[in-house]
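Here the structure comes first, spelled out in C-alpha cells, and everything after it is commentary.
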C-alpha cells in the first residue's frame, strides 16, 4: 500500500486484509483515492470509504470483480472516470448529495447494478457513465445540466424521468415516447417514436440545455417537438 500527500495511490490484494482487520489504520491520513488505487483487487468484496476522503480518482476501483457494495461518504464531491467500471458484482452503491460530478464510464459495465439514485447535487454525468448496467429506470434531477453521450446506453432501461419530462418505452408503438407533465407530446400528427442513439436539446423558460440521452428520433419523424412551454430539438 502506498500513500503520498494524503492520496492513496496503490493497494494490492494483501492490503485488503489490513482494510478488513483495521480500517482506521488503513485509511489513516487518506484524503483522496488516487488513480488505479484499488484496480484489479479481486479480493475486495465491500468498501466503506471514510469521511476524510473528498474524491475518488479515475479507475480507482476498476475491475474489482468481487466488489458487491460501495459506501461513499458525504464528503466526496467527485467520482472519477471509470472509477467503478467493470465491477461486475456491484449491486449496491449510494451516491451522497455532496457529489457534483459523475465521471465518464464511472459505472460502465457494472452488470449487476439494477438501481441507483442520483442526488440533486449532481450537475454533470459523463459519457457512458451507466452504460452496460442493468438499470430499468432512472430519475435525473433538475440540477443536472450536462449529460454525456451514451450515459444511459442500457438495454434493460424502460423509463427515464427528467424534471417534467418522461421518456419511456411504449408497447403501442414499439419504441420510446416522450411525455411532458404526463401528456404525450406529438411529432405533428405522427406518433413520437424514438430509438437508441444520440442528442436532445431541451429548451424551457428561455434556458437551453444540451442533453445526450440514449436515443434518437426515428428517421420518419420531424425535428421539433413542442408543447405550450417547452420545446425539444433532436
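The values are calculated or read from the model by the stated rules, or taken from the named source; none is laboratory data. What you are looking at is a predicted structure, and each value in this text was computed from that prediction instead of being measured. Cβ placement follows ideal geometry from the backbone for every residue including glycine, while neighbour counts extend to all protein chains displayed.
Values as computed for the structure displayed
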quantity	calculated
Single unsatisfied condition, residue 168 versus (1) at pLDDT below 85; (2) in a loop (DSSP other than H, G, I, E, B); (3) on the phi < 0 side of the Ramachandran plot	(2)
Matching residues, the range 13-46, being in contact with a helix residue (DSSP H, G or I) (Cβ under 7 Å, 6 or more places away or on another chain), more than 19 Å from residue 81 (Cβ to Cβ) and in a loop (DSSP other than H, G, I, E, B)	43, 44
Any hit, the range 86-101, residues being in a loop (DSSP other than H, G, I, E, B) and over 16 Å from the mean Cα position of the chain (by Cα)	yes
Subset of the range 47-56 [in a loop (DSSP other than H, G, I, E, B) and either exposed (fewer than 15 other Cβ atoms within 10 Å of the Cβ) or in contact (Cβ under 8 Å) with a residue 40 or more places away in the chain (or both)]	51, 52
Check on residue 29, modelled with pLDDT of 90 or more and within 16 Å of residue 103 (Cβ to Cβ)	no
Answer residue from the range 133-150, given it is under 22 Å from residue 68 (Cβ atoms) and under 11 Å from the mean Cα position of the chain (by Cα) and is surrounded by the fewest Cβ atoms within 10 Å (Cβ to Cβ) among those	135
Condition met for residue 104 (surrounded by fewer than 15 Cβ atoms within 10 Å (Cβ to Cβ) and either modelled with pLDDT under 90 or in a loop (DSSP other than H, G, I, E, B) (or both))	no
